[in-house]
Amino acid sequence: MNSRYVKPKNATNTFNQIVAALTRMGISVWGSRVLYVRGRTSGELRHTPVNLLTHDGERYLVAPRGHTQWVRNLRAAGEGELHLGRRVERFVPTELDDADKPAVLRAYLRRWKFEVGIFFDGVDAKAPDEKLLEIAPGYPIFRIRTAPALD
């Protein structure tokens with residue numbers, strides 16, 4: 001398994017805190033949500049801002065910094081929550097195989113390259129499928145579906 005991970009810098013942390021604060025107030029910044037997922041060792045809820053991508057009628061979470069803590073926690077938990085203000089959506093993730101990632105990566109880069117392009121080492125939405133397939137192992141992507149309601 002590819003273990004690519006780009007640790008956030010202080011400026012990224014500050015930007016994420018601002019986006020998370022706005023999103024918690026109900027203001028989505030270009031599709032932002034706050035992801036809540038149980039920590040795989042602590043069991044405590046962890047949260048981080050994410051960009052929710054809608055592409056071809058499906059919704060995705062893409063990890064531009066690679067195999068981050070939220071990715072590892074989501075794999076272990078098998079469920080998560082997306083928050084936008086007071087709205088909470090429970091969801092179940094399905095991780096995409098690398099072969100299924102190029103179209104989603106292209107759509108993600110088309111939408112958020114200005115924000116996340118630095119994590120793609122010069123690869124952009126115009127890259128050929130072969131290049132996107134080459135980098136795919138370093139970018140986890142989850143298709144998300146709304147979880148059944150709890151009774």
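The values are calculated or read from the model by the stated rules, or taken from the named source; none is laboratory data. Since we're looking at a predicted model, the values are computed, not measured. Here Cβ is always computed from backbone atoms with ideal geometry, including for glycine, and neighbour counts include all displayed protein chains. Note: accessible area is taken over every heavy atom of the protein model, side chains too, but ligands, DNA and RNA are not part of it. Shrake-Rupley method; radii C 1.70, N 1.55, O 1.52, S 1.80 Å.
Roughly how many nanometres apart are two label points built 7 Å out from the Cα toward the Cβ at residue 75 and residue 54?
3.0 nm
Taking a probe of 1.4 angstrom, what is the accessible area of residue 97 in Å², to the nearest 10?
In the full protein context, residue 97 sits at about 100 Å².
Read phi for every residue in region 105-113 and hand back ³J(HN,Hα) as whole Hz from Karplus 6.51 cos²θ - 1.76 cosθ + 1.60, θ = phi - 60°, with x for Gly and Pro.
Using θ = phi - 60°, the values come out as 4, 4, 5, 5, 5, 4, 7, 10, 4 Hz.
Aspartates and glutamates near residue 101 by alpha-carbon distance under 15 Å, same-chain residues fewer than 8 away left out - which ones?
In chain and number order, the partners are 56, 58, 124, 129, 130, 134.
How much accessible area does residue 92 have with a 1.4 Å probe, in Å² rounded to the nearest 10?
Estimated to the nearest 10 Å², residue 92 gives 60 Å².
Taking amide H atoms as placed 1.01 Å from N in the peptide plane, list the residues 5 or more away in sequence, or in a different chain, whose amide H sits under 5 Å from that of residue 4.
67
Please report, as a whole percent, how much of the solvent-accessible surface of region 49-147 comes from carbon and sulfur atoms (probe radius 1.4 Å).
46 percent
Under a 1.4 Å probe, what is the accessible area of region 35-132 per residue, stated in Å²?
Dividing the accessible area of region 35-132 by its residue count gives 52 Å².
Please calculate the 1.4 Å probe accessible area of residue 146, with all protein chains present, and give it to the nearest 10 Å².
90 Å²
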